[in-house]
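Please treat every number below as a calculation from the coordinates, not as lab data. The model shown is predicted, which means the values in this text are computed figures rather than measured ones. Here the Cβ is made from the backbone with ideal geometry for all residues, glycine too, and neighbour counts use every protein chain on show.
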Amino acid sequence: MSTGAPTISELIAQERRLTLPRFGYDEAYALGGLLVTLARERHAPVAVDIRRGTQQLFHAALPGSSADNDAWIDRKRRVVERYGESSYLVGTRFRAKGTTFEESSRLDLDTYAAHGGSFPIAVEGAGVIGTVTVSGLPQAEDHALVVEALERFLTHPAS
C-alpha cells in the first residue's frame, strides 16, 4: 500500500483479500482478543466491537476510551451494514467525487458516520455477515488496526 491515504482500489482489494472461510463465536473471540492485544501493545485508547448480524459477539473498551467511542462504533457500523463496504471506503468514495458523506449521503449524521474503523466481515460463499469496528484513533489508524488484525487472523485463525 502507498504511504499516503489508501486509494479506492486499494481499499477494495483489502476487502476482497480479507474474506474469511468461516466466522462464528470462537472466531469473534479470537479476532477481538487479537485486536485488544494489538491495541494494548500500542497503548491505543480504543473500543472494539464485533458483530454477526445484529448480535454483538465481542466488545472491549481499553483505558482512555469512553462511551463516545461506542457511539462512533454504532455510527460507523451502520455505514458498513447499509453499504456492505468498509466505512473508510464509503467515505473515500464520496471524497473522490469531490464531496463528503456528510454533505451528500442524505443520511442522519447522528446515525451514520463514514469514518474509518468499521470493516465488513465477509465469509466465503456467504458475503458480508457482520462487522468489526474500532474507535478511538484517527480514522486512518482505526481502519489500519482492523486491517492488520484481520490479516494476522487469516494467517492464524481460531481453531
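Remark: the range 47-64, residue by residue, has Karplus-estimated 3J(HN,Hα) of 10, 10, 9, 10, 10, 10, x, 8, 8, 7, 9, 7, 8, 8, 10, 9, x, x Hz, where x stands for each Gly or Pro and the curve is 6.51 cos²θ - 1.76 cosθ + 1.60 at θ = phi - 60°. Taken as entire DSSP H runs, the helices of the chain that both span 20 Å or more between Cα atoms along their own long axis and average -0.5 or more on the Kyte-Doolittle scale are 25-41, 139-155. Taking the helices alone, the chain has a mean residue ellipticity at 222 nm of -15000 deg cm²/dmol, built from -39,500 (n - 2.57) per DSSP H run of at least 4 residues and averaged over all its residues. Taking label positions 7 Å along the Cα-Cβ direction at both residue 107 and residue 70, the computed distance is 2.2 nm, reported to one decimal. Using r as the Cβ-Cβ distance of residue 7 and residue 42, and R0 as 25 Å, what FRET efficiency do you calculate, to the nearest 0.05? The calculated FRET efficiency here is 0.50. The range 4-32 and the range 121-145 have Cα centres spaced 6 Å apart. Peptides 85-91, 31-37, ordered by how many other C-beta atoms sit within 10 Å of their residues on average, highest first, read 85-91, 31-37. When you count the other C-beta atoms within 10 angstrom of each residue and take the mean per peptide, 102-112, 9-19, 138-148 line up highest first as 138-148, 9-19, 102-112. Of the three principal axes defined by the Cα atoms of the range 8-155, the extents in descending order read 39, 38, 26 Å. Diffusion coefficient (Stokes-Einstein, Kirkwood radius over C-alpha pairs, 4 °C, 1.567 mPa s) for the range 66-113: 119 µm²/s, rounded to a whole number. Just so you know, the Rg over Rh for the range 109-155 is 1.02, from Cα atoms, with Rh as the Kirkwood radius. Dipole check for the chain: with +1 at the C-beta of Lys and Arg, -1 at the C-beta of Asp and Glu, and the Cα centre as origin, the magnitude is about 260 Debye.
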